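Notes follow the structure.
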Amino acid sequence: MYKVLRILFCVIAAALAAAAVFVFIYAGTLWGIAVVILAFVSGALMVTFKQLQEKQERKENPPPPQGDFIFGKAEDNGNDNEKE
């Protein structure tokens, strides 16, 4: 769902940014500023939905455990990564 909303607001933001030039020319400064603000809001919503999508994907499919530079490769056998 977030992916569809992200793409939708990306298209809306791009269309508004492209139309802003013509609105400035034909409708005036006040309407042009309004279109630029709407494009900015659409872009902000696009970024918000992108972050929500990434958060949801991380929750559904967490990354595998990684080791660190002290203990080496992470092992999930309950012995605190000690080799005997």
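What whole-number value in Å² describes the accessible area per residue of region 1-57 for a 1.4 Å probe?
72 Å²
P(r) for region 4-73, please, calculated from all Cα pair distances in 10 Å bins and given in %.
Bin by bin from 0 Å, the calculated values are 20, 29, 20, 14, 11, 6, 1.
Among 55-66, 24-35, what's the highest-first ranking by average C-beta atoms within 10 angstrom per residue?
24-35, 55-66
Would you kindly state how much longer the chain becomes between VAL4 and THR29 on full extension, computed as 0.36 nm times their sequence separation minus their alpha carbon distance, in nm to one decimal?
Full-extension gain reported as 5.8 nm.
The values are calculated or read from the model by the stated rules, or taken from the named source; none is laboratory data. Since this is a predicted model, take the numbers as computed values, not measurements. Note: ideal-geometry Cβ built from the backbone for every residue, glycine included; neighbour counts use all protein chains shown. Please note that ligands, DNA and RNA were not included when accessible areas were found on the heavy atoms of the full protein model with its side chains. Shrake-Rupley method; radii C 1.70, N 1.55, O 1.52, S 1.80 Å.
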